[in-house]
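This report concerns only the one structure given below.
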């Protein structure tokens, strides 16, 4: 057999986990014999991924420090701001790994209420998180202004359904279409908005999900068979 | 499918910062002057309100608080509205939760609402808190036949038999209505699949805006009513204010929260119409404004 | 609207200033945003590395391999047994770090292959169950001839079920990657695209409320706890 | 093994075989005629317009790690985009927010540049790790986009609310933007802000169409066979359920068995 290559390991691990999902389903009783091996893989491999991700942090950290250090040393554009990144990165790394502010030495929980790391999270990270998120309100407004234009049949349908749902969200907006006679009640704003979110929206979501499942299985088969491109990482 | 390029004169090339400024100023103004937009219960919310109105006093109502503080802004106003309505109609309330955070969500309702607005309410008679228990959908399913099989006591250690509110309750079917206020999993979906379908038990729900689209298909066959996002809560509050003027706070939480939302939606709809108006004018040969 | 009562808490001030720095980007790129951006990168990168170290590497690699280490974190704790199992992920981790040594960088392909293998292996069955079979079950539902509890034909719901079914099949048709020679895109596929456009318009519209509440929350923080205006 | 699990095993096996067989047939030369996909064509055009304007090309492979299949699909697309950038002499910049993605993206791009005979033009720090925090990552990428003013932006892979934050940033500097994600919740934001969008399954098909590789095109036919299987199951299920509802006894009995089985999956 050709020398055992990384892509053979990929195929072996993938096939093992697929079989494990049936031979040793999670929550089942503890299987004996060969199934125990599959149960072991199913349980352990995903936790190993988490461990590898932490090892990889070293590579990311080295790259981050390298990029910003080079920018400072070569006085590239915005190099003064790279100092902010370097100082804050190394500072928080020391504060967090050394658990400063909490119990003495390395004792206690790094995320304890009085630990400096928690103060950094509450004081710096959470306001930045909340504010970045809140930019979405502005971008939703500018995106809808530009994209919802009746240029083609497709964009007109996009515009129509968005408008019906948006106006439907304005309190007592259904007064706008309350004048419609009873037998045309399904055209009233609220009924239409409910219908859009109940019928076409459900149909579209289901088709997308079924398609994605097939795309995922197809990519998995290509990876296992070793024909998938983008495995530059394995060359 | 090309959604958004194409050179168009003035109004279409409007600098996006005008949109940002208008939106910011309108929301700031709404927060300062707190406009109230009267609302009316919609097709999905009215059945829940009517159901509670029709129950004979003394019929218990189950509210499952399946959310955490991060979703409280959208779901807690629903819990408050249901609590007010049940207490006004003399329907004993039973809080439980599939989420560990359910316990303190119940405590917030007890301290912030029941203690202040309904001091006359007596624990055990007017409301009871069973609290959180692990098990998710399996817990919900097991309670169909017997509540006592999983909750031997309430959250204060009192055996179920000694709680007047649950005197006639054996299984979930003995509740006038079961409502799950759900921010995710386990939540309303599990209640529908494991309780609504299986047990044939009348089920209503409350959900966040992002979660709403997945629940619309269940209405009305598997879900008799749904409060979706802050608007759903505001609609229930509108029904309460109309039927119980003076007995409920003049402007309740969701209705106040809908002020900035309504203003922001009006601004966004306004700009969309503006953009299309310019497009139509250009297409009909008129010169750009 | 009561008068101003500006907060005196440092944390509120830091949060408010950072908020304004990020908002300034809406006007245009400027030194304040650059500062907030670079601060955000440095603090958040380090924070998640610390989380990774103390929640994953320490309890699942260091302690099993060096049982005495547990005393460093909680002096009164008992040292657990030596667990050789932890050697496997640690070895794969060290192989990954060989990427930094040019001569050995080829060894890093093995942990990458392992990770890609677990991703493919875990994902296939999960997607076939929850996104393929369960969505097919939802699409079938209870068929299209639905009855009300008292046995009558529920026309409204039957029409809705039939329309949802038709929409799903049209969208699936639109997603067909290949086609028999010469067949131009069918009107059924065009219907599928229109259903998708309705889907995107409706879900865009229904997501606006959640985005607005994020902004409302931020402004309440600024106008409330910082400036005491509301 | 419970009946539900047996059904799941049967369907999984059927899909794996359908796709595997389609790949084998295609490698043996069976022709596969592929429906053109607008976003795929737009990728090459976007790179051309970036090179013409002397502006860089940005590629964001999603905001999750290698344990997400959408990230793996994005890295397959990255190989094609890197190949095109090498051939057309475009400056490629790949900001990433996971260390393992950084490592694989670097080796993928270096392999593509070397295959195009321009290995010397590739520097590993064109793939730069920013932060594991999705929002810290987005704040940085929006800043970079605003300052480097890329001519083309590609967003492929898993995105949460980062989708609109990135797409509006790129739109503001006038970049040609092509996106692709499998999450139905984020697709509306990409459709509204990008020039072209790969929807759901198309994210997994674009790499194959860009490469034109026989085996990969074969897998697309396999995906289509899977869709025909889904349509067949749906139509049969609806027919059976409707007949049962219409009161035809044998259908009702069969439907009880089938729906019971489906419920157990």
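The values are calculated or read from the model by the stated rules, or taken from the named source; none is laboratory data. Keep in mind that what you see is a predicted model, and the values were worked out from it rather than measured. Here the Cβ positions follow ideal geometry from the backbone for every residue, glycine too, while neighbour counts run over all protein chains shown.
In this structure, residue A:207 does satisfy being touching a helix residue (DSSP H, G or I) at 6+ places or on another chain (Cβ under 8 Å), surrounded by 24 or more Cβ atoms within 10 Å (Cβ to Cβ) and assigned to a helix (DSSP H, G or I). The single condition among (1) surrounded by fewer than 17 Cβ atoms within 10 Å (Cβ to Cβ); (2) within 12 Å of chain A (Cβ to nearest Cβ); (3) in contact with a helix residue (DSSP H, G or I) (Cβ under 7 Å, 6 or more places away or on another chain) that residue C:175 does not meet is (1).
Determine whether residue A:121 is modelled with pLDDT of 95 or more and either at the interface with chain C (Cβ under 10 Å from one of its Cβ atoms) or at positive phi (or both). Against the criterion (modelled with pLDDT of 95 or more and either at the interface with chain C (Cβ under 10 Å from one of its Cβ atoms) or at positive phi (or both)), residue A:121 does not qualify. Set side by side, the residues A:218, A:172, A:152 differ, and just one is buried (at least 23 other Cβ atoms within 10 Å of the Cβ) and more than 9 Å from chain C (Cβ to nearest Cβ), which is A:218. I need a count of the residues in region D:155-170 that are assigned to a helix (DSSP H, G or I) and within 8 Å of chain A (Cβ to nearest Cβ). Of the residues in region D:155-170, 4 are assigned to a helix (DSSP H, G or I) and within 8 Å of chain A (Cβ to nearest Cβ). Quick check, is residue B:205 more than 14 Å from chain A (Cβ to nearest Cβ), within 22 Å of residue B:65 (Cα to Cα) and either crowded, with 20+ Cβ neighbours inside 10 Å or touching a residue at least 60 places away in the same chain (Cβ under 8 Å) (or both)? So residue B:205 fits the description; yes.
Scan region B:36-84 for residues that are assigned to a helix (DSSP H, G or I) and at positive phi and the total you get is 0.
Selection over region B:212-249 of residues that are surrounded by fewer than 24 Cβ atoms within 10 Å (Cβ to Cβ), away from chain A (no Cβ under 12 Å) and outside any helix (DSSP H, G or I) gives a count of 8. Every test in (1) part of a helix (DSSP H, G or I); (2) within 32 Å of the chain's Cα centre (by Cα); (3) at the interface with another protein chain (Cβ under 7 Å from one of its Cβ atoms) is passed by residue C:63 save one, and that test is (3). Of B:205, B:270, B:209, all but one fail to be under 26 Å from residue A:163 (Cα atoms) and in a loop (DSSP other than H, G, I, E, B); the exception is B:209.
Yes/no matrix, rows are residues, columns are (1) assigned to a helix (DSSP H, G or I); (2) within 24 Å of residue B:193 (Cα to Cα); (3) within 7 Å of another protein chain (Cβ to nearest Cβ):
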position	(1), (2), (3)
C:78	no, no, no
C:117	yes, no, yes
C:122	yes, no, yes
C:127	yes, yes, yes
C:137	yes, yes, yes
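Condition test on residue B:32, is it touching a helix residue (DSSP H, G or I) at 6+ places or on another chain (Cβ under 8 Å) and at pLDDT below 95? Criteria met by residue B:32. Taking region A:49-81 only, how many residues are over 26 Å from the mean Cα position of the chain (by Cα) and facing chain C (nearest Cβ under 7 Å)? Result for region A:49-81: 2. For region D:190-208, the count of residues that are within 8 Å of chain A (Cβ to nearest Cβ), touching a helix residue (DSSP H, G or I) at 6+ places or on another chain (Cβ under 9 Å) and part of a loop (DSSP other than H, G, I, E, B) is at least one.
Residues that are in contact with a helix residue (DSSP H, G or I) (Cβ under 8 Å, 6 or more places away or on another chain) and under 13 Å from residue B:78 (Cβ atoms): does region B:155-177 have at least one? No, every residue in region B:155-177 fails to be in contact with a helix residue (DSSP H, G or I) (Cβ under 8 Å, 6 or more places away or on another chain) and under 13 Å from residue B:78 (Cβ atoms). Residues considered: D:123, D:147. Of these, the only one that is within 9 Å of chain A (Cβ to nearest Cβ) and either at pLDDT below 95 or surrounded by fewer than 24 Cβ atoms within 10 Å (Cβ to Cβ) (or both) is D:147.
Every residue, every condition in (1) out of contact with any strand residue (DSSP E or B) (no Cβ under 7 Å at 6 or more places or on another chain); (2) closer than 28 Å to residue B:27 by Cα, yes or no:
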{"position": "B:168", "(1), (2)": "yes, no"}
{"position": "B:187", "(1), (2)": "no, no"}
{"position": "B:210", "(1), (2)": "yes, yes"}
{"position": "B:221", "(1), (2)": "yes, no"}
{"position": "B:225", "(1), (2)": "no, no"}
{"position": "B:248", "(1), (2)": "yes, yes"}
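In the set (1) touching a residue at least 40 places away in the same chain (Cβ under 8 Å); (2) assigned to a helix (DSSP H, G or I); (3) within 14 Å of chain C (Cβ to nearest Cβ), residue B:194 fails one condition alone, (3).
The criterion of at least 1 residues that are touching a strand residue (DSSP E or B) at 6+ places or on another chain (Cβ under 8 Å) and farther than 16 Å from residue D:151 by Cα is met, among helices (runs of 4 or more DSSP H) falling completely within region D:1-102, by D:38-52, D:69-88. I'm trying to understand the selection: among the residues of region A:67-86, which are touching a helix residue (DSSP H, G or I) at 6+ places or on another chain (Cβ under 7 Å) and part of a helix (DSSP H, G or I)? Selection gives A:67, A:68, A:69, A:71, A:72, A:79, A:81, A:82, A:83, A:84, A:85, A:86. Selection of region A:175-204 for residues being assigned to a loop (DSSP other than H, G, I, E, B) and either surrounded by fewer than 18 Cβ atoms within 10 Å (Cβ to Cβ) or facing chain C (nearest Cβ under 7 Å) (or both) yields A:178, A:179, A:180, A:181, A:199. Considering the conditions (1) at the interface with chain C (Cβ under 7 Å from one of its Cβ atoms); (2) within 30 Å of residue C:204 (Cα to Cα), residue A:146 is excluded by exactly one of them, (1).
Being modelled with pLDDT under 95 and within 16 Å of the chain's Cα centre (by Cα), is that true of even one residue in region D:160-178? Yes, that holds for at least one residue.
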